[in-house]
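Trainee: I have a structure I would like to understand better, so I am pasting it below and will then ask my questions one at a time.
The values are calculated or read from the model by the stated rules, or taken from the named source; none is laboratory data. The shown structure was predicted, so the numbers you read here are calculated from the model rather than taken from an experiment. Positions of Cβ are generated from backbone atoms using ideal geometry, with glycine treated the same way; all protein chains shown enter the neighbour counts.
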Amino acid sequence: MKILRITAQGLPLFKEELDICFYAQQRVSEDDKNNLYNMIGNYYLHSACAFIGINASGKTSVLRVINLALSIIKNEPINHIEAKSILGGTKRTIISIYFYDKCKYVCCLETEITAEKARTGEYIYSILSEKLWEKPIASVRSKKYLTDFTGVKPTAIRNQNEIYLSDDISFIIAHNKKVNDTVDVFSLLSYTNISALPFIEDIPLEVISVFDSTIEKLCFEQIEGKTFIHLKFKEKEEIILNNTVDLERYLSLGTIKGIIVFSMVKEVLQSGGYLLMDEIENHFNKEIVTTLIRFFMDSHFNKNGGTLIFTTHYPELLDEYDRNDGIYLVRNCNGITVENLSGILIRNDIKKSEIYQSGVIEGTTLAYETYIHLKKSLDISIDQ
């Protein structure tokens, strides 16, 4: 299963409808094909989708919506999904997920969700209605109509026949079982500020060496239900620990995060799944981040179409992209808005980092007035 597009209406934090495309919207040249995943025929998917914005622009909120949508299509109960918080106290949110399945059909799942406040003060979410549309990709005339279902009747509508199904689980579960399809999702939203390494059976030394070349051995062992961690630095005695939290005394946060990330990268590249990373540069230097992005953008290396979806503050990372349609600008002015860079910059050959930092695009740099107010405030504090 490959996700083509996600739209969301009625989200409390968003100013307007959220619309994110994961397929190449601009013309695909021969050179571009090296950085994209060929889904079928002339349809290509982005292997690395970037969401950039200043602090508090809403980047994490966008990732939560994507995570929620991916979890819904994975048949996870909405009330068990960590990203459900993005729904807030919504009266009516409609999430539409467009995807390509194993049977070579383009599908659209439309899920309408509502919230009800429990006595505990928590929100309980339920699905009000659902529809599923399907069409063979062979019937699609061009990329322009890939996710257009105008004139197509739903193949399934949620009704009382789903009475056995929990009201927070999508009825897409029936479709997924019928075609034996699913999507693998690995989320690092909870690991933005990471400090503990989870149990990992196999950590290649090549991965460890990228982050700390002084480590000779790091492995986990389970004996009678207890976990032991073997850590050895070059020319030092082996250290045995029984708590992953203790590793923080010996390893940097960058090393811990790096081991987790690259262990997930291996899984995503194998399965052709999705990896969600908030603040990709956190604890990493630029070279490590660009290496990670390039792994996904290399179509010869990324044979199964694994997809990296990440947020960043750093405009320099945008220069890794030859195209504009894999980049989204996130801004917040009385509500979050998300805009594809291809709708702002027509040409791909302009250096994206310079445009972003120049202030030509509104809402991408610190406002001059804000800077002056901050400087004056600090000046007064210093003089006191």
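Trainee: Checking the conditions here, which among 319, 349 is modelled with pLDDT under 90, within 16 Å of residue 32 (Cα to Cα) and of a type in the set (Asp, Glu)?
Mentor: Details: 319 fails: modelled with pLDDT under 90.
Among 319, 349, only 349 is modelled with pLDDT under 90, within 16 Å of residue 32 (Cα to Cα) and of a type in the set (Asp, Glu).
Trainee: Tell me which of these residue 71 doesn't satisfy, since it passes every other one: (1) buried (at least 23 other Cβ atoms within 10 Å of the Cβ); (2) of a type in the set (Gly, Ala, Ser); (3) not in a strand (DSSP E or B).
Mentor: Among (1) buried (at least 23 other Cβ atoms within 10 Å of the Cβ); (2) of a type in the set (Gly, Ala, Ser); (3) not in a strand (DSSP E or B), residue 71 violates only (1).
Trainee: Any idea which residue in region 211-260 is modelled with the lowest pLDDT, counting only those that are among the acidic types (Asp, Glu) and within 22 Å of residue 288 (Cα to Cα)? If you could, list the steps in order and put the result at the bottom.
Mentor: Of region 211-260, the ones among the acidic types (Asp, Glu) are 212, 216, 221, 224, 235, 237-238, 246, 248.
If we keep only those that are within 22 Å of residue 288 (Cα to Cα) as well, we get 212, 216, 248.
Values: 212: 90, 216: 92, 248: 86.
Looking at the filtered set, the residue picked out is 248.
One line per residue, one yes/no per condition, for (1) among the charged types (D, E, K, R); (2) in the same structural domain as residue 55 (by TED's automatic domain parsing); (3) surrounded by 19 or more Cβ atoms within 10 Å (Cβ to Cβ):
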position: 321; (1), (2), (3): no, yes, yes
position: 328; (1), (2), (3): no, yes, yes
position: 341; (1), (2), (3): no, yes, yes
position: 344; (1), (2), (3): no, yes, no
position: 348; (1), (2), (3): no, yes, no
position: 351; (1), (2), (3): yes, yes, no
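Trainee: Output the residues belonging to region 199-232 that are in contact with a strand residue (DSSP E or B) (Cβ under 8 Å, 6 or more places away or on another chain) and among the basic types (Lys, Arg).
Mentor: Within region 199-232, 217, 232 meet the criteria.
Trainee: Something else about it: Being of a type in the set (Gly, Ala, Ser) and either closer than 26 Å to residue 60 by Cβ or at pLDDT 95 or above (or both) is the filter here, so list the residues in region 170-194 that pass it. Show your work before the answer.
Mentor: Keep residues of region 170-194 that are of a type in the set (Gly, Ala, Ser), which gives 170, 174, 187, 190.
170, 187, 190, listed by residue number.
Trainee: I'd like the full set of residues that are in a strand (DSSP E or B) and out of contact with any Gly (no Cβ under 7 Å at 6 or more places or on another chain), limited to region 43-58. Spell out how you get there, then give the answer.
Mentor: First, the residues of region 43-58 that are in a strand (DSSP E or B): 43-46, 48-52.
43, 44, 51, 52, listed by residue number.
Trainee: Considering every residue within region 9-32, establish whether at least one is touching a residue at least 60 places away in the same chain (Cβ under 8 Å) and assigned to a helix (DSSP H, G or I).
Mentor: In the first step, residues of region 9-32 are kept if they are touching a residue at least 60 places away in the same chain (Cβ under 8 Å); the result is 9-16, 18-26, 31-32.
Right, trim to assigned to a helix (DSSP H, G or I) and you get 32.
Yes, region 9-32 contains at least one residue that is touching a residue at least 60 places away in the same chain (Cβ under 8 Å) and assigned to a helix (DSSP H, G or I).
Trainee: Within the bounds of region 123-138, is there any residue that is part of a loop (DSSP other than H, G, I, E, B) and either surrounded by fewer than 19 Cβ atoms within 10 Å (Cβ to Cβ) or of a type in the set (A, V, I, L, M) (or both)?
Mentor: Looking only at region 123-138, we keep the residues that are part of a loop (DSSP other than H, G, I, E, B), and these are none.
Among the residues of region 123-138, not one is part of a loop (DSSP other than H, G, I, E, B) and either surrounded by fewer than 19 Cβ atoms within 10 Å (Cβ to Cβ) or of a type in the set (A, V, I, L, M) (or both), which makes the answer no.
Trainee: Taking the residues in region 107-151 that are over 18 Å from residue 174 (Cβ atoms) and among the β-branched types (Val, Ile, Thr) as candidates, determine which candidate is modelled with the lowest pLDDT.
Mentor: Ranking the candidates gives 120 first.
Trainee: Here's another thing I want to ask about it. For region 310-340, how many residues are closer than 17 Å to residue 357 by Cα and not in a strand (DSSP E or B)?
Mentor: 10
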